[in-house]
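Beneath this line is the structure, given in structure tokens, with notes to follow.
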Amino acid sequence: MRFLLLFSRQGKLRLQKWFTPLTDREKKKVIRDMMMLVLARPARSCNFLQWRDLKIVYKRWYASLYFCAGLEDHDNELLALEVLHRYVELLDKYFGNVCELDIIFNFEKAYFILDEFLMEGEILETSKVAVGVSLEEADTLQEGEAKEAWRPLSAGAC
Amino acid sequence: MPAPIRLRELIRTIRTARTQAEEREMIQKECAAIRSSFREEDNTYRCRNVAKLLYMHMLGYPAHFGQLECLKLIASQKFTDKRIGYLGAMLLLDERQDVHLLMTNCIKNDLNHSTQYVQGLALCTLGCMGSSEMCRDLAGEVEKLLKTSNSYLRKKVTLCAVHVIRKVPELMEMFLPATKNLLSEKNHGVLHTSVVLLTEMCERSPDMLAHFRKLVPQLVRILKNLIMSGYSPEHDVSGISDPFLQVRILRLLRILGKGDDDSSEAMNDILAQVATNTETSKNVGNAILYETVLTIMDIKSESGLRVLAINILGRFLLNNDKNIRYVALTSLLKTVQTDHNAVQRHRSTIVDCLKDLDVSIKRRAMELSFALVNGNNIRGMMKELLYFLDSCDPEFKADCASGVFLAAEKYAPSKRWHIDTIMRVLTTAGSYVRDDSVPNLIQLITNSVEMHAYTVQRLYKALLDDISQQPLVQVASWCIGEYGDLLVSGQCEEEEPIQVTEDEVLDVLEGLLVSNLSTPVTRGYALTAIMKLSTRFTSVNRIKKVVSIYGSSIDVELQQRAVEYNALFKKYDHMRNGFHLSLLMIINFRFFVVLSSFKMVQVCLSCLCVVPILQANDLLDLLGGNDVVPVIQNTVSTKPASAGGELLDLLGDLSLSGIPPMTAYNKNGLKIDFTFERANPNPNIAVITIHASNSTEADMTDFVFQAAVPKTFQLQLLSPSSNVVPALNQGTVTQVIRVLNPQKQQLRMRIKLTYTHKGSAVQDLAEVNNFPPQSWQ
């Protein structure tokens, strides 16, 4: 996988993960192109399209949020759909009935979850349970620090 | 200073902005606050501020002033700080900036941290954005960590190692020892990442590949366990146990089995098992099947297995799920070269996909359809493809048209079918046809000699209907210019000939010149066509008028052409026919279609005119008649002249028509024989080869042969084989004369010979009247 993007139907970026080094300008171009291509697709199209030398896989969840991944030639597109699905499940489990707002207001958590699931464009952990456990423990670590500091910070020091 | 506002608060506030300007204002205000907070080196709220900055960065606003702050967060002792710091580093920094190197030390320390989650953060960041320098510095740490038994860390280190290898391939060797017992893991996460690492190494190094082939049995076993094992809640996806791992193993097997008989054999059974047993009702099962098919096709599998794979793809084609149909078409496209016959069996399904509503599927189906066209199915396939061309979206038309032309050229069952197909494309998708197709089509039409009348008629009719499609108009103009005589004489055999007068044809062509729809290129074609018709039609005056009008056209190209054509009318009227002749000859060769017809005129004019007109005038004086036309003699082998010679050779259709040779001159030991050939396709041209031989004891050097013919003829003299006629008949000098005799008058020729013999110059004139009737009738 080369990149993973989350954006709304109105063209607002919600998350960007890049697995290859690109300049800011290149990133902006990719984002623009992806939004343009994906948002223009009619409702019941297939979830794949070709862009430059990449296979693009996209899926819409929560009525207005698009998940879009750029794959290399040897990546399995059908499996990529499962990868996106798995990420959605992880988000769902963490936030409890997740919706787009959760991802907007807790974007840093969305990244943390992603980083426990994928790395270097590859799957890190195939077990939902294991990912959930790591996240819980990491959050506990954070909360512990917050309590120590005696400041009324909620889980999520921000 | 009050505490900086919290992240969620900021997000809420920004979302209330109703305009872009309002949002920008809020952002600027907050950025200012954050900047001053950074200046105060406040540790407590740094984390909060950077998080806000990251949010604003995601909205598209610049956040580079937060980069150093991220580094400070990373260096902090608190996990909370590190988490945001590392995230910030991954979002704001990249390997192009030197700043990122400052992270190296922090990462190194954190890699050895006591808390695994801190170590995890460091590994994640290094694996995400570590530059080559960082990877080189920290590879040792990574390698050390690979030995850990902590599965949480193990999987992260393994992927980090993959990143290092991708960045610095030379370091791959150092990870080799750690791969010793890579596959004996139970933990799926570790197993999965290990398979990724092995795949990476095998893809990059043939040595590694050979080394790891021994793992095939182990991989097969793991895969088997996954399939046969009962329900495992932790890894289950719709009834399939850990599909991600299964697919990854299948991919590694593909790489290991490729080109290797033993490995391929070892995996045959498991592949068959997966292919037949996997549940296909959900996407996840199909994802595994897909990977299995790819593997089967790539390794040296037995033929039964290959057929099974293609059949799976065939079933995919009929699946309701669009994604699966798309994937099937993509895979079939990959295998169509190697397993052509097997894929052919699914041709009708593939062709049906042309009618699919989905754009991605249509595109793949089109590509695959073209790959499947062959001599047997060309008629049926072309019908479908032409129907597709009619109805498809504009984005497909150019590619489809090109594909149709290519396929038609390769497999056309008959010339008539070929021309009809081209016509169909030009009329239905004429504006989408690529520019370079036009010369190719012209070439094609030229070569289909017997179809000229039919072609020009159909094109003319098409022009009457619609002049908006430029490629169609260009090809049609060219044809009319070339075969206009066939058009007005109503000679079509293939279909009912239409009645068309010269004036009507000229009306159409002039219409193209003035129409707003015509591009400059098209106008050029139209003008040249009109010009060419001056040698085929009788209404030359009308043509002359048109041409002279365009001599003052605003369009420079058009103006230049018109001026040159005007010149042809005025100064070289006698050569217009020759112009026709040369064009006709040279048309058979690609370099015409590469040069535009305008350049062609230049070549003609330059070769035929850059001439020693002097020489011709001399001859005129000598021969003292106004009925004799100066002849252009090519003594220098300029390119066109030799082209002429090659033309003669390459025309190939020259048939020795059985015209008897004759002796034209025989005096003082110099004998000149003429032999005759008729040039095809133009029967008005007689090709005469002179053979000069010398029966005296001394060579005749500086031998020059010149000829002149009456006005109604055109003559072209090509380069002689040599200027020395050797003594005692030891060899002949040959030279080719081409005579155009459109009015079929009796051929007469005056010849002049000059040579040096035994030290003195000799000159002689003679008249040749004894041409056999067959040579000019």
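Across segment B:342-367, the number of residues qualifying as within 14 Å of chain A (Cβ to nearest Cβ) and either aliphatic (A, V, I, L, M) or free of Cβ contacts under 8 Å to residues at least 24 places away in the same chain (or both) comes to 5. Across segment B:245-270, the qualifying residues are those that are over 38 Å from the mean Cα position of the chain (by Cα) and within 12 Å of chain A (Cβ to nearest Cβ), and the one among them that is surrounded by the fewest Cβ atoms within 10 Å (Cβ to Cβ) is B:245.
Taking residue B:210 as meeting all but one of (1) among the small types (Gly, Ala, Ser); (2) away from chain A (no Cβ under 12 Å); (3) part of a helix (DSSP H, G or I); (4) touching a residue at least 12 places away in the same chain (Cβ under 8 Å), write down the number of the exception. If we test residue B:210 against (1) among the small types (Gly, Ala, Ser); (2) away from chain A (no Cβ under 12 Å); (3) part of a helix (DSSP H, G or I); (4) touching a residue at least 12 places away in the same chain (Cβ under 8 Å), just (4) comes out false. Number of residues in segment B:297-312 that are closer than 21 Å to residue B:366 by Cα and either in contact with a Gly (Cβ under 6 Å, 6 or more places away or on another chain) or modelled with pLDDT of 90 or more (or both) equals 1. Residue-level check: of (1) surrounded by 14 or more Cβ atoms within 10 Å (Cβ to Cβ); (2) under 18 Å from residue B:341 (Cα atoms); (3) more than 14 Å from every other protein chain (Cβ to nearest Cβ), residue B:380 misses just (1). Could you figure out which of (1) under 18 Å from residue B:465 (Cβ atoms); (2) assigned to a helix (DSSP H, G or I) isn't true of residue B:484? With (1) under 18 Å from residue B:465 (Cβ atoms); (2) assigned to a helix (DSSP H, G or I) applied to residue B:484, the lone miss is (1).
Every residue in segment B:230-244 that is within 9 Å of chain A (Cβ to nearest Cβ) and among the aliphatic types (A, V, I, L, M), please. Listed by number, the list holds a single entry, B:237.
Regarding segment B:60-73, can at least one residue be identified that is more than 10 Å from chain A (Cβ to nearest Cβ), surrounded by 18 or more Cβ atoms within 10 Å (Cβ to Cβ) and outside any helix (DSSP H, G or I)? Looking through segment B:60-73, at least one residue is more than 10 Å from chain A (Cβ to nearest Cβ), surrounded by 18 or more Cβ atoms within 10 Å (Cβ to Cβ) and outside any helix (DSSP H, G or I).
Residue count for segment A:94-105 under the criterion of being in contact with a Leu (Cβ under 9 Å, 6 or more places away or on another chain) and either free of Cβ contacts under 8 Å to residues at least 24 places away in the same chain or not acidic (Asp, Glu) (or both): the result is 6. Counting the residues of segment B:3-45 that are touching a Lys or Arg at 6+ places or on another chain (Cβ under 7 Å), part of a loop (DSSP other than H, G, I, E, B) and not basic (Lys, Arg) gives 1.
Entry remark, segment B:169-193: residues being closer than 23 Å to residue B:207 by Cβ and either within 14 Å of chain A (Cβ to nearest Cβ) or of a type in the set (Lys, Arg) (or both) number 2 in total.
Listed here are the strands (runs of 3 or more DSSP E) enclosed by segment B:659-764 that have at least 1 residues being in contact with a Lys or Arg (Cβ under 8 Å, 6 or more places away or on another chain): B:662-667, B:685-694, B:700-710, B:714-717.
Looking at A:61, A:51, A:18, which one is touching a residue at least 12 places away in the same chain (Cβ under 8 Å), within 9 Å of chain B (Cβ to nearest Cβ) and not acidic (Asp, Glu)? Lay out the reasoning, then the answer.
Details: A:61 fails: within 9 Å of chain B (Cβ to nearest Cβ); A:51 fails: within 9 Å of chain B (Cβ to nearest Cβ).
Sole residue among the options that is touching a residue at least 12 places away in the same chain (Cβ under 8 Å), within 9 Å of chain B (Cβ to nearest Cβ) and not acidic (Asp, Glu): A:18.
Look at (1) over 19 Å from residue A:73 (Cβ atoms); (2) in contact with a Leu (Cβ under 8 Å, 6 or more places away or on another chain); (3) among the aliphatic types (A, V, I, L, M) and you find that residue B:333 fails only one, number (1).
Residues that are within 54 Å of the chain's Cα centre (by Cα) and exposed (fewer than 15 other Cβ atoms within 10 Å of the Cβ) were ranked within segment B:733-771; the one that is nearest to residue B:675 (Cα to Cα) is B:746. Pairs linking a residue in segment B:745-774 that is in the same structural domain as residue B:686 (by the TED database) to a residue that is part of a helix (DSSP H, G or I) and among the aliphatic types (A, V, I, L, M), with Cβ atoms under 6 Å and 6 or more positions apart or on different chains, are B:750/B:623.
Applying a threshold of 8 Å to beta carbon distances and a minimum spacing of six or more residues, or different chains, the list of pairs starting in segment B:542-553 at a residue that is farther than 14 Å from residue B:567 by Cβ and ending at one that is surrounded by fewer than 16 Cβ atoms within 10 Å (Cβ to Cβ) reads B:542/B:503; B:552/B:559; B:553/B:559. Is there a residue being without any contact (Cβ under 8 Å) to a residue 24 or more places away in the chain, part of a helix (DSSP H, G or I) and more than 11 Å from chain A (Cβ to nearest Cβ) anywhere in segment B:297-309? Checked segment B:297-309: at least one residue is without any contact (Cβ under 8 Å) to a residue 24 or more places away in the chain, part of a helix (DSSP H, G or I) and more than 11 Å from chain A (Cβ to nearest Cβ).
For segment A:1-15, filtered to residues that are buried (at least 16 other Cβ atoms within 10 Å of the Cβ) and of a type in the set (Lys, Arg), the residue that is farthest from the other protein chains (Cβ to nearest Cβ) is A:2. Say we look at segment B:495-509 and pick out the residues that are surrounded by fewer than 16 Cβ atoms within 10 Å (Cβ to Cβ) and of a type outside the set (Val, Ile, Thr); which of these is modelled with the lowest pLDDT? The selected residue is B:495. With respect to (1) of a type outside the set (Asp, Glu); (2) more than 10 Å from chain B (Cβ to nearest Cβ); (3) more than 15 Å from the chain's Cα centre (by Cα); (4) in a loop (DSSP other than H, G, I, E, B), the lone exception for residue A:126 is condition (2).
Only one of the listed residues (B:360, B:369) is surrounded by 21 or more Cβ atoms within 10 Å (Cβ to Cβ), part of a helix (DSSP H, G or I) and at pLDDT below 90. That residue is B:360.
Residue count for segment B:162-181 under the criterion of being part of a helix (DSSP H, G or I) and either closer than 17 Å to residue B:110 by Cβ or polar (S, T, N, Q) (or both): the result is 3.
Within segment B:510-541, if we keep just the residues that are of a type in the set (Val, Ile, Thr) and in contact with a Gly (Cβ under 8 Å, 6 or more places away or on another chain), the residue that is surrounded by the most Cβ atoms within 10 Å (Cβ to Cβ) turns out to be B:530.
The values are calculated or read from the model by the stated rules, or taken from the named source; none is laboratory data. Fair warning: this is a prediction, and the values are worked out from it, not measured in the lab. Cβ coordinates were reconstructed from backbone atoms using ideal geometry, including for glycine residues, and neighbour counts include every protein chain displayed.
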